[in-house]
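Asker: Sharing a structure, written as structure tokens. Questions coming.
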Amino acid sequence: MDDALLLDAIERYRNGEMSPQEIIFFEELRKNNPDIDQLAAEHNFFLAELDKLSEIKAYKHNLNEVENKLANEGVISQNQAKAKTKILYLWNRYRRTIAVAASIAGIVSISTATIVSMYSENKKVAVITPLVDHQLRQFEHKLNQIETKLNDASAVIKLPAKPKFEANFRATGFLVDGSGYIITNAHVITDARNIIVENKKGEQFLAKAVYINKITDLAFLKISDTSFKKVAALPYTFPKYSAELGEHIFTLGYPREEVVYGEGYLSAKSGYFGDTTSYQISISVNPGNSGGPVINKNGEVIGIISSKETNADGVVFAIKSKNIYDALKEMKGDESIKLPTVNSLKGLDRVVQVQKLEDFIYMVKGN
Amino acid sequence: MNIYEQEKVLLEGLAANDTSAIETIYRENYSTIQAFIVKNSGYPEDARDIFQEAMIVLFEKAKQESFELSCQIKTFIYSVCRRLWLKRLQQQSRYYPASEIIKETVPVEDELEVHEKLNVDLTLMENALNKIGDPCKSILEAYYIQKKSMPEIADTFGYTNADNAKTQKYKCLLRLKKIFFAQYKNGE
């Protein structure tokens, strides 16, 4: 049998094109002839490699087809949109810096205004300063507008709603107002269509977002279910002052279906890349802990867990509680959220504190 | 159907190279991945590359016989894309994100290792095909890659009959095998 026939036979055997007699003959041939057997093994390996290539190519072809289709529908950004996406890209890259710069500009403008009015007899200057302030506010307003637009653009196209509710994210939130306001991270609920909050007892309530700020990563949810019973007094408070290095802290959250306790300490007064709006804390967290409270020994909520460092364990960032007050100010009374003012956890044993707290920690989930 | 059954159907569709399954997975996951990559110093075009690669990893996994995904598709895709993207950033020694939002991931190192190896193998075969030149390359691709029949190939390439085409294919095949195995052994 020459080699051409042999390779042909190997391929026909592989493709199942042989008659039963041929199969018996071929298998005998392989068994009794080591050289042929080796050639067959080698050729089969080679054909398998070719098949893999064929399969992947067919698959890639389909991938490209789907990609093109979705690009035409606008679900996938196209290359033509490069200019726009570049801005988006730069914005995303620098928006934290821009936010910081904007706030510094605010501080500078206030201090110069004071100095100018103190040292100048000329009243015109004093008249000019509020104008500057006004322009700044306009500028800030424009920045916000641009941001909203860009965020809308990045959200691309929303998927059609599914008829049945299946949660596809889970995080933590906690009550800031007993009448049914819960705070959590903005990144948790940004793309959510439906949001459900669940307490320790497993009671579920529908909730809707009433405030989302992607820069500070804070969001407020309002429980819209009438079955929710209002809480007269929350036991914890939110300090406006900065917490101290080395303070012992703990958190409660829902990395699992059950509420989980974790403790650690405050390791730096600034967050990622010197971000002064957050703390660095040392604690072990998992997905699902996002949005959980960071509580000190007096039962004060000093922060809200938001992110963690990628290549280090236990380096977690928490948004300072002061930002909650800023958020409320920003809402300008759209919702009547009243933060608790009386702390009833101070001086209690940690176990008792947790018992008093855990009813107000919620699992936030949705799709 | 609950979400697990839905996902099983999707993966079966994927293994069978079904376009509608591919489309569904794209629709449900693409924007998240793009947002992740753009947020971490990438361009939307990078997202297309990375997402395609993750789809291939998922395809390879879905085709394994005893295959069961221990997590949701979106978690798997996110984990693979995240790994691939961070790796690419590292290779280009570009800015490596030190902080990111806490999102569920699963370990995908094993899958990516298998995928890398497969990529190497496929590149070997493609290189060999490129080296043998035309018409050999086209004939072999028509038969082995596009799975066309011999009479069809004879017709396309202007052979008088299928047997002539077959003889030519045989000669080409021997050359391809020679180059492929030479590379293969060098690579080891």
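Asker: How big is the charge dipole of the stretch B:17-58 about its Cα centre, in debye rounded to the nearest 20, if each Lys and Arg gets +1 on its Cβ and each Asp and Glu gets -1 on its Cβ?
Answerer: That gives the stretch B:17-58 a dipole magnitude of about 160 debye.
Asker: Just for the Cα atoms in chain B, what are the lengths along the principal axes, largest first, rounded to whole Å?
Answerer: 64, 45, 30
Asker: Determine the alpha carbon to alpha carbon distance for each of A:149/B:74; A:201/A:230; A:332/A:365; A:200/A:320 and list only those over 19 Å.
Answerer: Violating the 19 Å Cα-Cα cut-off are A:149/B:74; A:332/A:365; A:200/A:320.
Asker: Hey, rough spin-label estimate for residue A:329 and residue B:130, points 7 angstrom out along Cα→Cβ, what's it come to in nanometres?
Answerer: The modelled label-to-label distance comes out at 6.1 nm.
Asker: How high is the relative contact order of the stretch B:110-188, in percent, counting Cα pairs under 8 Å that sit 6 or more residues apart?
Answerer: On the way: 45 pairs, mean separation 25.6, N = 79.
Relative contact order for the stretch B:110-188 comes out at 32 percent.
Asker: A further question follows. Can you bin every Cα-Cα distance in the stretch A:206-263 into 10 Å intervals starting at zero and give me the percent of pairs per bin, rounded to whole numbers?
Answerer: Result, from short to long distances: 15, 29, 47, 9, 0 percent.
Asker: Related question: Jot down the radius of gyration and Dmax of the stretch B:77-177, Cα atoms only, both in angstrom.
Answerer: Reported Rg and Dmax, both Å: 21.6, 66.
Asker: Would you order B:48, A:12 from fewest to most other beta-carbon atoms within 10 Å of each residue's own beta-carbon?
Answerer: Final ranking by Cβ density, sparse to dense: A:12, B:48.
Asker: Mind running the shape call on the stretch A:319-367? Use the C-alpha gyration tensor, a ≥ b ≥ c as the square roots of the eigenvalues: rounded below 1.5 for a/c, prolate if a/b tops b/c, oblate otherwise.
Answerer: Oblate, since a/c reaches 1.5 and b/c is not below a/b.
Asker: Give me the one-decimal Kirkwood hydrodynamic radius in Å for the stretch A:188-294, with the sum taken over alpha-carbon pairs.
Answerer: With all distinct Cα pairs of the stretch A:188-294 included, I get 16.0 Å.
Asker: Within straight cross-link reach of residue B:185, meaning Cα distance under 18 Å, which lysines are found once same-chain residues fewer than 8 apart are removed?
Answerer: Within the straight-line limit of under 18 Å, residue B:185 reaches these lysines: B:117, B:131, B:177.
Asker: Given 10 Å bins starting at zero, what is the percent of C-alpha pairs of the stretch A:239-367 in each, up to the one with the largest pair distance?
Answerer: 12, 42, 37, 9, 0
Asker: What's the FRET efficiency of residue B:105 with residue A:166 using the Cβ-Cβ distance as r and R₀ = 30 Å, to the nearest 0.05?
Answerer: Here the calculated transfer efficiency is 0.90.
Asker: Rank-order B:2-8, A:19-25 by packing density, defined as the average count of other C-beta atoms within 10 Å over each peptide's residues, highest first.
Answerer: Details: B:2-8: 13.0, A:19-25: 10.6.
Ranking, from highest mean packing down: B:2-8, A:19-25.
Asker: Which value, in Å to one decimal place, does the Kirkwood hydrodynamic radius take for the stretch A:12-82 when every pair of different Cα atoms is included?
Answerer: Evaluated over the stretch A:12-82, this radius sits at 15.8 Å.
Each reported figure results from applying straightforward, stated rules to the coordinates on display, with no laboratory input. Predicted model only: the values in this text are computed from it and were never measured. A quick note on method: Cβ atoms are made from the backbone with ideal geometry, for glycine too, and the neighbour counts reach across all protein chains shown.
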